[in-house]
Amino acid sequence: MEKFVFGVGEDDRKRLLNFVDTLQRFLEQVVDNGEYFQPKFRDDYKKAWNELNPHFSALKDALQRADTHTLLAQGLLGTQLNLKLAVVNHFLNEFLLYGIEIIGGHKLLEKLLRIVSKLLANMASTVGTGLAIQSYTDFLVAMIKDDG
């Protein structure tokens, strides 16, 4: 799997947009791979994935248009954003380093997707779009194959 970093950019708004772009690329690889999730849902989650592209674009557009004071008040700029992206990247690096192959590896993907979902919920409640991506991510968590 390629190396990902969430939230790269010269300013906080660009970091938010990069988060959305990186999440889209990351989820695409995870979904395409298919080895992480219960196979009986494979056709369904792949079809559902194909419907999400407009939601990523809508979230990015809303983040670009959002009032700076509103983003700041919701913890999506500055130190709050730094913390959130640092936590996401920590779990991402753990997952990329250890994958799902180790005992308990499925928990790494689960933690990563859960924290991503929290940030998506934060964004969606702030800008009014993105819930479809958050919901999809939540259901991916439920479909992660247990390695135990």
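The values are calculated or read from the model by the stated rules, or taken from the named source; none is laboratory data. Bear in mind the structure is a predicted one, so any value in this text is a computation, not a measurement. Cβ atoms come from the backbone with ideal geometry, glycine included; neighbour counts cover every protein chain shown.
The rows are residues; the columns are (1) over 15 Å from the mean Cα position of the chain (by Cα); (2) among the aromatic types (F, W, Y); (3) within 19 Å of Q29 (Cβ to Cβ).
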site	(1), (2), (3)
A66	yes, no, no
G78	yes, no, no
K84	no, no, no
G99	yes, no, yes
K111	no, no, yes
I115	no, no, yes
K118	no, no, no
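Looking at Y136, Y98, can you tell me which residue is surrounded by fewer than 16 Cβ atoms within 10 Å (Cβ to Cβ), out of contact with any strand residue (DSSP E or B) (no Cβ under 7 Å at 6 or more places or on another chain) and among the hydroxyl-bearing types (S, T, Y)?
Y98
Can you name every residue in the range 4-50 that is polar (S, T, N, Q) and either in a loop (DSSP other than H, G, I, E, B) or in contact with a Phe, Trp or Tyr (Cβ under 9 Å, 6 or more places away or on another chain) (or both)?
Of everything in the range 4-50, those that are polar (S, T, N, Q) and either in a loop (DSSP other than H, G, I, E, B) or in contact with a Phe, Trp or Tyr (Cβ under 9 Å, 6 or more places away or on another chain) (or both) turn out to be N18, T22, Q24, Q29, Q38.
If you check every pair at least six apart or on different chains, which have Cβ atoms under 9 Å apart with a residue in the range 126-146 that is among the basic types (K, R) first and a residue that is not in a helix (DSSP H, G or I) second?
That search, which allows pairs on different chains as well, returns K145/E35; K145/Y36; K145/F37; K145/Q38; K145/I100.
Hey, could you check the range 52-73 for residues that are free of Cβ contacts under 8 Å to residues at least 60 places away in the same chain and over 21 Å from G9 (Cβ atoms) and say which is surrounded by the fewest Cβ atoms within 10 Å (Cβ to Cβ)?
If we take residues in the range 52-73 being free of Cβ contacts under 8 Å to residues at least 60 places away in the same chain and over 21 Å from G9 (Cβ atoms), then P54 is surrounded by the fewest Cβ atoms within 10 Å (Cβ to Cβ).
Filtering the range 1-32 down to residues that are of a type in the set (A, V, I, L, M, F, W, C) and over 30 Å from T68 (Cα atoms), which residue is modelled with the lowest pLDDT?
M1
So, K84, is that one loosely packed, with under 13 Cβ neighbours inside 10 Å and either in a helix (DSSP H, G or I) or of a type outside the set (D, E) (or both) or not?
No; evaluated as a whole, the condition is false for this residue.
From the list E101, E94, which residue is modelled with pLDDT under 95, charged (D, E, K, R) and assigned to a helix (DSSP H, G or I)?
Being modelled with pLDDT under 95, charged (D, E, K, R) and assigned to a helix (DSSP H, G or I) holds for just one of E101, E94, which is E94.
Please find, among E35, E51, the residue that is of a type in the set (D, E), at negative phi and modelled with pLDDT under 95.
E35
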